[in-house]
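Working notes, structure below.
The values are calculated or read from the model by the stated rules, or taken from the named source; none is laboratory data. As the structure is a prediction and not an experimental result, all values here were calculated from the model. Every residue, glycine as well, gets a Cβ built from its backbone with ideal geometry; the counts of neighbours run over all protein chains shown. Side chains included, ligands, DNA and RNA excluded: accessible areas come from the protein's heavy atoms. Shrake-Rupley method; radii C 1.70, N 1.55, O 1.52, S 1.80 Å.
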Amino acid sequence: FGSQYFYLTDGSSGIQIYQSKKDFPSLVVGDLVQIYGSVSEAGGIKRINIKNKNDVDILSIGNKVVSTELNVDEIDESLAGGLVQTQGEITEIKSSFMYLDNGSGEVVVYFKQGAKIDKSKFLEGENVRVAGILEQTKSGWQIWPRSNDDIESLGPSEDLLKKQALVNGSDTKDKYLTATAGGITTLILAFFAKARGAFLKRGALALIGLIKKNKA
């Protein structure tokens, strides 16, 4: 999410590890580490402050990080800071977050700037599975996906399918009315062209007759 912190989990709960000068050893997801530091809190989020990279011991690498499955109504403090996953329907998309509803409750899925989430890939009414860090902020519980890979589409909801059907039906109707109007316009123009031709022909005959009459 950023260059000054990362998250550590014990398999259920977790905590933010912070270093103001970005002095960390080279780390990747799946490293098993031991941390030495002091516990503090910022913006309602608990974290461990370390002095420098020497406060991080890498014990092993290449471990699998498993997320905890939960329903929105099961969120509590025991899971704070941990990697969780849940699924539901996107009910609204904002500039930096979206609302996810699984029928039993609603949670904010927040797009941290460092995660570079492309929200244009998602639609309101779409069912998705979301993994991410669970945090309790001043505005309430949030799930922070780490990248686009943490958001998996499960297909459109029934509401979205109905909405798309209405839009498609409206487009078909508009196209039919446009085509019909175009056909009627063509017929009207053809009628006027024919009538105009007949009128000109009668006018020409009358003019010829007049000339002949004058000549006579």
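Check off (1) within 13 Å of the chain's Cα centre (by Cα); (2) at pLDDT below 95 for ILE151 and give me the number that stays unchecked. That leaves (2) as the condition not met.
Within the stretch 135-154, count every residue that is in a strand (DSSP E or B) and free of Cβ contacts under 8 Å to residues at least 60 places away in the same chain.
At the first step, the residues of the stretch 135-154 found to be in a strand (DSSP E or B) are 135-137, 140-144, 151-154.
Those left that are additionally free of Cβ contacts under 8 Å to residues at least 60 places away in the same chain: 140, 142-143, 151-153.
Residues meeting the conditions: 6.
Close Cβ contacts (under 7 Å, 6 or more residues apart or on different chains) running from residues in the stretch 102-114 that are in a loop (DSSP other than H, G, I, E, B) to residues that are surrounded by 13 or more Cβ atoms within 10 Å (Cβ to Cβ) and of a type in the set (A, V, I, L, M) comprise ASN102/VAL72; SER104/VAL72; GLY105/VAL72; PHE111/ILE117. All conditions in (1) among the aromatic types (Phe, Trp, Tyr); (2) at pLDDT 95 or above; (3) out of contact with any helix residue (DSSP H, G or I) (no Cβ under 7 Å at 6 or more places or on another chain) hold for TYR176, with the sole exception of (2).
Please find, among GLU92, GLU77, GLU158, the residue that is modelled with pLDDT of 95 or more and over 23 Å from VAL33 (Cβ atoms). Steps first, please.
On the way: GLU77 fails: modelled with pLDDT of 95 or more; GLU158 fails: modelled with pLDDT of 95 or more.
Just a single option satisfies the conditions, and that option is GLU92.
Listed by first and then second residue, the pairs linking a residue in the stretch 65-77 that is closer than 17 Å to ARG146 by Cβ to a residue that is open to solvent by 90 Å² or more (accessible area, probe 1.4 Å), with Cβ atoms under 8 Å apart and 6 or more places separating them unless they lie on different chains, are VAL65/VAL29. When GLY43 is tested against the conditions (1) more than 21 Å from TYR7 (Cβ to Cβ); (2) touching a residue at least 24 places away in the same chain (Cβ under 8 Å), the lone failure is (1). Only residues that are surrounded by fewer than 17 Cβ atoms within 10 Å (Cβ to Cβ) and in contact with a Leu (Cβ under 6 Å, 6 or more places away or on another chain) were counted across the stretch 14-33, and they come to 1.
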